[in-house]
Structure formats: C-alpha cells, structure tokens
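The values are calculated or read from the model by the stated rules, or taken from the named source; none is laboratory data. If you're wondering where the values come from, they're calculated on a predicted model, not measured in any experiment. Don't worry about glycine lacking a Cβ; one is built from the backbone with ideal geometry, like all the others, and counts go over all protein chains shown.
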Amino acid sequence: MIKDKIVEMAKNAEDLLAPFCTCRGLGLHGISHLRRVAILSGRLAEAVGEDVESAVVMGFLHDCARRNDGNDLEHPHDSAVLARGLIERFFPHLEVDRICDAIEGHAGGEVTTDPLTACLWDADRLELKRIGRTIDLELLSTKVAKRLARKRMSSLRTILKVPEKVVPRSR
Ligand SMILES: [Fe+2]
Ligand SMILES: [Fe+2]
C-alpha cells in the first residue's frame, strides 16, 4: 500500500472521529499529533504485515480522551473507553479488544511482542522528538521503528552539526 493511501485512510478516520476527541485544541497532544501517529502507525503496520486500517484507527484514537498536555495518568484508560464506543459505532469490523488493549497500555513504558500493539507504541514514541525528547531505542518494539529512529537521530545530528560522541576537552 502506498503512503498516499495510508494518508487518505488517516484523513477519513480524522473526519469521522475528531469531533468526539476531547484532546482537540491541545498544543502537544491535539489532532495533529493524532494524525501523525495514525499515519506512522499505519506505515509500521504495512512494514510488519499487520492490518493497516486497524493501526491507523488505533493511532488516531490513542490519546482521544486526553484533557491536557500535562502528566494525565488517566488518559490511556479514558482513551481506550472512548475509543471502544467509537470503533463499535464507526469501525465494527475491526478487532476492538486488541485495539483498546493497545491504547490502554500505550503509556506504560514497556515493549510488546504483539505486532499490532507495537505499531502504535512505536509510532507514539517516535513522535517524542516533537517535544525535544530523545528516542530510547530500547523502548521500541519493532526493528523497523529502531531503523527509523536511528535515521531520524542521525539526520538531526547532521542538521545540528553534532558529532556522534562528544569528547570532553582535556584541560
Ligand atoms: Fe498518550
Ligand atoms: Fe500520544
């Protein structure tokens, strides 16, 4: 599936689901974050042979019930509850339990062996650079996300002209 198809799928999910998301209007976790995670999750799903539509919908809904950009500990659970109702209404053909389990666990700081869950968790963690945080390769579940993270970090180093290892100057 070409990237344009995945972008179109994310756009369709956004048109249907965005009006129900409480995170609308947030700076860091608003609709543009949901859109980027949806697209990246879909692309990872294609790379690992998982269902792209499930990955896109899951990516779009993973933070849907966030109410602020702070340390909202309840948002994975709240988002899974809201996502369940929306998936049952708009996407009844998808595996709602598997998707909602992935959403519920997305902020737990763990890795997973379930390939569909991995698409969401890795897509969200690859997004950490938007808030200036370094991506921890140990917390990525798929090889393809690790490759992508290395590529992104090295292109960032090139842009910033930062050497791979900073050698402290001797006095
Ligand atoms: Fe989150
Ligand atoms: Fe997120």
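Suppose we keep only residues that are within 16 Å of ligand 2 (Cβ to nearest atom) and not charged (D, E, K, R) within the stretch 75-87. Which one would you say is surrounded by the fewest Cβ atoms within 10 Å (Cβ to Cβ)? Out of the qualifying residues, it is 77.
Once the stretch 96-140 is narrowed to residues that are of a type in the set (S, T, N, Q) and away from ligand 1 (no atom under 16 Å from the Cβ), the residue that is modelled with the highest pLDDT is 113.
The residue of the stretch 36-74 that is nearest to residue 13 (Cα to Cα), among those that are surrounded by fewer than 24 Cβ atoms within 10 Å (Cβ to Cβ), within 11 Å of ligand 2 (Cβ to nearest atom) and without any contact (Cβ under 8 Å) to a residue 60 or more places away in the chain, is 69.
Of everything in the stretch 80-104, what is within 17 Å of the chain's Cα centre (by Cα) and within 21 Å of residue 43 (Cβ to Cβ)? Give them in sequence order. Listed by number, the residues that qualify are 83, 98, 99, 102, 103. For the stretch 15-35, the set of residues classified as without any contact (Cβ under 8 Å) to a residue 40 or more places away in the chain and part of a loop (DSSP other than H, G, I, E, B) consists of 24, 25, 30, listed by residue number. The single condition among (1) at pLDDT below 95; (2) within 15 Å of the chain's Cα centre (by Cα) that residue 25 does not satisfy is (2). Can we say residue 12 is in a loop (DSSP other than H, G, I, E, B) and of a type in the set (S, T, N, Q)? No: the conditions fail for residue 12.
Output the residues belonging to the stretch 88-115 that are of a type in the set (A, V, I, L, M, F, W, C) and either in contact (Cβ under 8 Å) with a residue 24 or more places away in the chain or loosely packed, with under 14 Cβ neighbours inside 10 Å (or both). Reasoning before the result, please.
Going through the stretch 88-115, the residues of a type in the set (A, V, I, L, M, F, W, C) turn out to be 90-91, 94, 96, 99-100, 102-103, 107, 111.
Hits for the stretch 88-115 are 90, 91, 94, 99, 102, 103, 107, 111.
Residue 50 satisfies every condition listed in (1) under 21 Å from residue 114 (Cβ atoms); (2) in a helix (DSSP H, G or I); (3) not hydrophobic (A, V, I, L, M, F, W, C) except (2).
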